[in-house]
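A quick write-up on the structure given underneath.
Every number here is computed from the coordinates shown, using simple stated rules; none is lab data. Everything numeric in this text was worked out from a predicted model, so none of it was measured. Methodologically, a virtual Cβ is constructed for each residue, glycine included, from the backbone with ideal geometry; neighbour enumeration extends over all protein chains shown.
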Amino acid sequence: TCPGDCDDSDPGLDRTDADADGWSTCAGDCDDADPGKTPVDADGDGASLCDGDCDDGDPGVYPGAPEVCNGVDDDCDGEVDEEADGDGDGWTPCGGDCDDADPQRYPGAGERCNGLDDDCNGAVPPSELLDADSDGSPACADCADTDPARSPGATEVCDGRDNDCDLAVPADESDADADGSMLCGGDCDDGNSGAHPGAAELCDGFDNDCDGDVDEDGDGDGFAVCTDCDDQDGANFPGNVEVCDGRDNDCDVVVDPDGDADGFRRCAGDCDDAVAAVFPGATEVCDGVDQDCSGAADDGLEFVTYYFDGDLDGFGLSDVMVATCDGAPGGYVTADGDCDDTALAVFPGASELCDAHDHDCDGLVPDTEIDDD
């Protein structure tokens, strides 16, 4: 010990620097035969070569350092970029596994329509991001990405389409008879195109309108549709009393018509159902026609008597006359009493002339006009 032995009980410790690296075993040299190993921490990472630092020039490399994908043995365990395959899919993160916690995500994996990069190529397929109809289902899963009523999990409705995208249309959404009505919509016989909700009920032994009744009496008048001429109107049925209402009440195919469309039927008093101007209450005009159907033509109008005036002197013959309501006929005047309708100078009130004639039609010839001798 006097020569400088630091531990005379340990033959491996002495003050000799056998490898001439400036360090003896007593000073901490862990291998005095290897000048490359000293207790110096050259890179300041807390570990020297003697502590197991496999690269004392790289502060990121030392025993226990985290292993990263860099081609270096970061933790000095003798293996480079070693990693566990956390999800057991045969790929490590350094090998390209983009999610080592999901065994279905690794390089080359099949895309699953989940909005994730399953094949680890750095991109999510566009079909997993597109939702054209904004129904919450991406195009890769949506059976109709332009129809928001159709997507996985959607409620099936009675429209003949695969609403829930299960690749099947419910059996009750078929329209086998092509009548526009499906079983789910109330079609009671999808093999009979004449039977569906809203169809006209026929006298054929079928429930045509799918209301649960066969050949029913729609208007409750006691006659079934097959015998009733109007099964929507209880006032029309075989044998009923015909009334003036424009309908075939007794179902004899004869209806009280309004031939001239003046709003009055013959049964309601129209005395000429071929002329629209003739009906009860119409305005009477002077034409010899009974417009108001009162039973008399031109009734209520003012009639004036006119006399034939052959000589056009303003007076007519009292025994040649006409009474009318539409003005004087040609050659007729309102004044009568003409005693000679061939002489212009003869009429009531005319001036007497000395010619032995009664000019003023008073029935007398003035004495002065008589030549007694």
Exercise. Stick to Cα atoms and the Kirkwood definition of Rh, then tell me Rg/Rh for the stretch 78-226.
Key: 1.40
Quiz item: HN-Hα J couplings of the stretch 60-76 from phi, Karplus 6.51/-1.76/1.60, θ = phi - 60°, integer Hz, Gly and Pro as x?
Solution: x, 10, 5, x, x, 5, x, 7, 10, 7, 9, x, 10, 7, 5, 9, 6
Self-check item: Calculated SAXS-style log₁₀ I(q)/I(0) at q = 0.14, 0.19 Å⁻¹ - the stretch 160-288, Debye, Cα scatterers
Solution: -0.76, -0.98
Quiz item: What number, in nm² with one decimal, is the all-direction average of the projected area of the convex hull of the alpha-carbon atoms of the chain?
Solution: 54.1
Quiz item: Between G136, G191, G314, which gets the highest mean-square fluctuation from a Gaussian network model of the chain, Cα cutoff 10 Å?
Solution: G314
Practice problem: State, as an integer percentage, the relative contact order of the chain based on alpha-carbon contacts under 8 Å between residues 6 or more apart. | Solution: 3
Practice problem: Please report the Cα spread of the stretch 75-119 along all three principal axes, rounded to whole Å, starting with the longest. | Solution: 42, 14, 13
Quiz item: Mean separation of Cα pairs under 8 Å and 6+ residues apart, divided by the residue count of the stretch 1-156: what relative contact order is that in percent?
Solution: 7
Quiz item: Given q = 0.09, 0.20 Å⁻¹, what are the Debye log10 I(q)/I(0) values for the stretch 240-373, with equal point scatterers placed on the Cα positions and solvent ignored?
Solution: -0.52, -1.03
Quiz item: Using a Gaussian network for the chain with springs between C-alpha atoms less than 10 Å apart, which of these wobbles most: P103, P329, P11?
Solution: P11
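So if the hydrodynamic radius of the stretch 127-196 is defined as the Kirkwood radius over C-alpha pairs, what does Stokes-Einstein give as its diffusion coefficient at 25 °C and 0.890 mPa s, in µm² per second?
On the way: Rh = 13.0 Å.
In µm²/s, the coefficient is 188.
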Self-check item: For D213, D45, order by how many other beta-carbon atoms lie within 10 Å, fewest first
Solution: D213, D45
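Just to check, using Stokes-Einstein with a Kirkwood Rh over alpha carbon pairs, what's the diffusion coefficient of the stretch 1-83 at 10 °C and 1.306 mPa s in µm²/s? The partial results should precede the final answer.
Details: Rh = 14.0 Å.
Answer, rounded: 114 µm²/s.
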Self-check item: Relative contact order for the stretch 239-338, counting Cα pairs under 8 Å that sit 6 or more residues apart, in percent
Solution: 15
Quiz prompt | the stretch 199-262: translational diffusion in µm²/s, Stokes-Einstein, Kirkwood Rh over Cα pairs, 4 °C, 1.567 mPa s | solution = 103
Practice problem: Find how many whole Å separate the alpha carbon centroid of the stretch 328-373 from the alpha carbon centroid of the stretch 135-158. | Solution: 113
